[in-house]
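Working notes, beginning with the structure itself.
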Amino acid sequence: MTDTAEKPARRLPGVEGVWVFLAADMLFFTALFVSTMIGRRDAAEVFEAGRLTLDPNYGGINTLILLTSSWFVVLAVNAAKHDRLDEIPRWLLAAFGCGVAFGISKAFEYGTKLSAGITPASSDFYMYYFILTGFHLLHVIGGSVMLLVFWKMSRRRAFDSRRLAVLESGGLYWHMVDLLWIILFPLLYLMK
């Protein structure tokens with residue numbers, strides 16, 4: 001017996017073009033990651049000495065913060081898909097709070113390095129450390145602003161099961177930011 005009901009067409013989440021933007025951004029970071037690995041290969045002692053000055057607890061806490069924020073974004077998108085409109089702002093605000101927490105943690109970590117006289121000019125390791133984490137932090141700041149805008153939009157009920165492509169696109173961007181950190185953390189803090 002065959003089912004005569006049509007199944008809904010499958011689609012990629014988000015608005016058209018978001019995947020191209022995300023791929024371009026990932027290629028940019030991939031070039032930075034490869035450059036970092038080449039630098040590590042060419043100056044292993046300098047990179048290891050720099051790595052030992054980083055506190056992996058910061059990296060671990062930041063990883064938990066970003067994973068939690070991505071989970072909140074998933075809950076917001078899921079609430080929109082199921083027309084639970086009162087939940088969307090709550091989850092987006094929680095995700096935004098995690099983005100702010102990440103920024104505060106990163107600012108504190110930068111502050112400890114700078115107060116110890118460590119700058120991007122201190123060594124090749126620190127040049128890569130500040131460039132990679134700085135670009136990532138800019139993405140977190142941009143994503144946090146986006147989450148705040150989405151929070152305001154969701155309070156006006158701009159998202160629901162029929163209007164969620166923009167919210168999905170923002171979620172995809174936020175997940176990319178999370179993925180980048182999952183690569184950055186071991187690359188800078190753990191890899192010997």
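The values are calculated or read from the model by the stated rules, or taken from the named source; none is laboratory data. The model shown is predicted, which means the values in this text are computed figures rather than measured ones. Note that each Cβ is placed from the backbone with ideal geometry, even for glycine, and that neighbours are counted across all protein chains shown. Calculation scope for accessible area: heavy atoms of the full protein, side chains included, ligands and nucleic acids excluded. Shrake-Rupley method; radii C 1.70, N 1.55, O 1.52, S 1.80 Å.
Within the range 142-173, restricting attention to residues that are part of a loop (DSSP other than H, G, I, E, B) and at pLDDT below 95, the residue that is farthest from ILE183 (Cα to Cα) is ARG162. Among the residues of the range 84-93, just one is within 13 Å of MET146 (Cα to Cα) and either open to solvent by 70 Å² or more (accessible area, probe 1.4 Å) or of a type in the set (Gly, Ala, Ser) (or both), namely LEU93. Taking the conditions exactly as written (at pLDDT below 95, in a helix (DSSP H, G or I), open to solvent by less than 50 Å² (accessible area, probe 1.4 Å) and more than 19 Å from MET146 (Cα to Cα)), does GLY59 satisfy them or not? For GLY59, the condition - at pLDDT below 95, in a helix (DSSP H, G or I), open to solvent by less than 50 Å² (accessible area, probe 1.4 Å) and more than 19 Å from MET146 (Cα to Cα) - is met.
If you go through the range 103-141 and pick out every residue that is open to solvent by 40 Å² or more (accessible area, probe 1.4 Å) and assigned to a helix (DSSP H, G or I), you end up with 12. List, please: which pairs have Cβ atoms under 6 Å, are six or more places apart or on different chains, and start with a residue in the range 52-75 that is more than 16 Å from LEU184 (Cβ to Cβ) and end with one that is of a type outside the set (Lys, Arg)? Within 6 Å, the pairs are THR68/CYS98; PHE72/TRP91; PHE72/ALA94; PHE72/ALA95; VAL73/ALA95; VAL73/GLY171; VAL73/TRP174; LEU75/TRP91. Hey, any hits in the range 65-83 for a residue that's touching a Leu at 6+ places or on another chain (Cβ under 8 Å), open to solvent by 60 Å² or more (accessible area, probe 1.4 Å) and in a helix (DSSP H, G or I)? Yes, that holds for at least one residue. The set of residues from the range 159-192 being small (Gly, Ala, Ser) and under 12 Å from the mean Cα position of the chain (by Cα) comprises GLY170, GLY171.
Look at LYS113 and say whether it is under 20 Å from LEU32 (Cα atoms), out of contact with any strand residue (DSSP E or B) (no Cβ under 9 Å at 6 or more places or on another chain) and in contact (Cβ under 8 Å) with a residue 12 or more places away in the chain. No: the conditions fail for LYS113. Sub-8 Å Cβ pairs linking a first residue in the range 132-150 that is on the phi > 0 side of the Ramachandran plot and of a type in the set (Ser, Thr, Tyr) to a second residue that is assigned to a helix (DSSP H, G or I) and open to solvent by less than 40 Å² (accessible area, probe 1.4 Å), at least 6 apart or interchain, number zero.
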